[in-house]
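Q: Structure below; questions to follow.
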Amino acid sequence: MRFKFALVGTLAALVAAGAVQAQDFKPRIVRFGYGLVDDSNQGRAVRLFAKEVEKATGGKMKVRAIGNASLGSDTQMQQALIGGAQEMMVGSTATLVGIAPQMALWDTPFLINNTKEADALLDGPVGDKVRATLEPKGIVGLVYWENGFRNLTNNKHPVTKLEDMNGIKLRVMQNNVFLDSFKALGANAVPLPFSELFTALETKAVDGQENPFNTVVSSKFYEVQKYLTVTNHVYSPWIVSVSKKWWDGLSKDEQKVLLDAAKKARDFERKDTREEATKALADLKTKGMQINQLSAVEAGRMRDKLTQVNATVATNVGMDLWKQTQDELAKMRAA
Ligand code: TK8
């Protein structure tokens, strides 16, 4: 008995000593890829993440922030993460649906009404459940950042009613929910990686696209797009992702540093994105865009056209998850 107590005491002392000793960090280089330009909400947050990681590891882990899709489009980077050729990235959840079908939940048109709902849903049990479906596929999803509410731009004519969607050749993300949604609304939807979008707009290979205001500003889409319609048709998250192959070789201390930094960067990024979005419309107006707000009546008509898309999403993500999502939203809206 006495021996056992002595052993427990020694162990406790060892653990305590370990805690005050240097943490388990190895010299590592983290290639962190993203699709937008350096001077964007995405770029700013990745750089903040990089600083946090270097600070927390005393410079042992170095994060190389590589924007402009220089490491590849979202889907190419995802494959590199799975294969272990790249350590980290941030990109749209929509481009992950081919790998993890439940990600399609976030593509449901008009699901989320405001950023309060978005944060609660993404950072709560529903968001956790969806995020967890990536891990068996070789990707560790750390946290969601904000891409934002998506709005429509095009070069043909102002979109003030449902019928105006007719005949617009619209770039959509490489994702069936987006493809089906815009087909249902009457557009000629063309899936393209984001990295090819500016050129496609410039050469008039497509007439339009949809993205948050922030991206229309940072990617300079206003140079090649005349009309912007405030549709807020879907809230789009980004997800900070890690190669599972690489993650599994990290110490617990290193994993904690990455998760903590991703959360810190998330809080910064959401604030930064929201502040930028409130100023963006005025900015885009001065840059020459013609802007109109889709009326509630027309938004309603669009929603009606999307009933079948919603039903398909519900089936694809699973009825349990769909119901849980609707319940959580209903609770928030009643409160
Ligand atoms: C950036 C993309 C972008 C997304 C898109 O790589 O593809 O339109 O909104 O943010 O992930």
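The values are calculated or read from the model by the stated rules, or taken from the named source; none is laboratory data. Quick caveat: nothing in here was measured; it's all calculated off a predicted structure. With ideal geometry, Cβ positions are generated from the backbone for all residues, glycine too; neighbour counts draw on all protein chains shown.
Q: Is there a residue in the stretch 117-126 that is crowded, with 21+ Cβ neighbours inside 10 Å and not hydrophobic (A, V, I, L, M, F, W, C)?
A: Within the stretch 117-126, none of the residues are crowded, with 21+ Cβ neighbours inside 10 Å and not hydrophobic (A, V, I, L, M, F, W, C).
Q: Moving to a separate point now. Going through Glu254, Glu275 one at a time, which residue ends up being acidic (Asp, Glu) and surrounded by fewer than 17 Cβ atoms within 10 Å (Cβ to Cβ)?
A: Working: Glu254 fails: surrounded by fewer than 17 Cβ atoms within 10 Å (Cβ to Cβ).
Testing whether each residue is acidic (Asp, Glu) and surrounded by fewer than 17 Cβ atoms within 10 Å (Cβ to Cβ) leaves just Glu275.
Quick grid of which residues meet (1) surrounded by 16 or more Cβ atoms within 10 Å (Cβ to Cβ); (2) touching a Cys at 6+ places or on another chain (Cβ under 6 Å); (3) within 21 Å of Lys55 (Cα to Cα); (4) not hydroxyl-bearing (Ser, Thr, Tyr):
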residue	(1), (2), (3), (4)
Lys264	yes, no, yes, yes
Leu281	yes, no, no, yes
Val297	no, no, no, yes
Leu306	yes, no, no, yes
Asn310	yes, no, no, yes
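Q: Out of Lys161, Lys204, Lys220, report the one residue that is under 29 Å from Arg47 (Cα atoms), basic (Lys, Arg) and surrounded by fewer than 16 Cβ atoms within 10 Å (Cβ to Cβ).
A: Lys220
Q: Let me ask something else. Between a first residue in the stretch 237-252 that is touching a residue at least 24 places away in the same chain (Cβ under 8 Å) and a second residue that is among the charged types (D, E, K, R), which pairs have beta carbons less than 6 Å apart while being 6 or more apart in sequence or on different chains?
A: So the pair list comes out as Ser243/Glu87; Trp246/Glu87; Ser251/Asp24.
Q: Taking the condition of being under 17 Å from Asn113 (Cα atoms) and either of a type in the set (Val, Ile, Thr) or over 23 Å from the mean Cα position of the chain (by Cα) (or both), how many residues in the stretch 308-326 meet it?
A: Looking only at that region, the number is 1.
Q: Only helices (runs of 4 or more DSSP H) wholly contained in the stretch 208-290 count here; list those with 1 or more residues that are under 19 Å from Ala132 (Cα atoms) and at pLDDT 95 or above. Show your work before the answer.
A: Numbers: elements: 213-218, 244-247, 252-286.
Passing ranges, in order: 244-247, 252-286.
Q: Please work out which one of (1) assigned to a strand (DSSP E or B); (2) within 14 Å of the ligand (Cβ to nearest atom); (3) more than 19 Å from Met302 (Cα to Cα) is the condition Ala189 fails and give its number.
A: (3)
Q: Still on this structure: Under 7 Å between Cβ atoms, at least 6 apart or on separate chains: pull out the pairs that start in the stretch 70-94 with a residue that is charged (D, E, K, R) and end on any residue that is part of a helix (DSSP H, G or I).
A: Filtered contacts from the stretch 70-94: Asp74/Thr95; Asp74/Phe194; Glu87/Trp246.
Q: Which of the helices (runs of 4 or more DSSP H) contained wholly in the stretch 60-175 include at least 2 residues that are out of contact with any strand residue (DSSP E or B) (no Cβ under 7 Å at 6 or more places or on another chain) and away from the ligand (no atom under 16 Å from the Cβ)? Give the steps one after another, and end with the answer.
A: Values: elements: 74-83, 115-123, 125-132.
Per the criteria, 115-123, 125-132.
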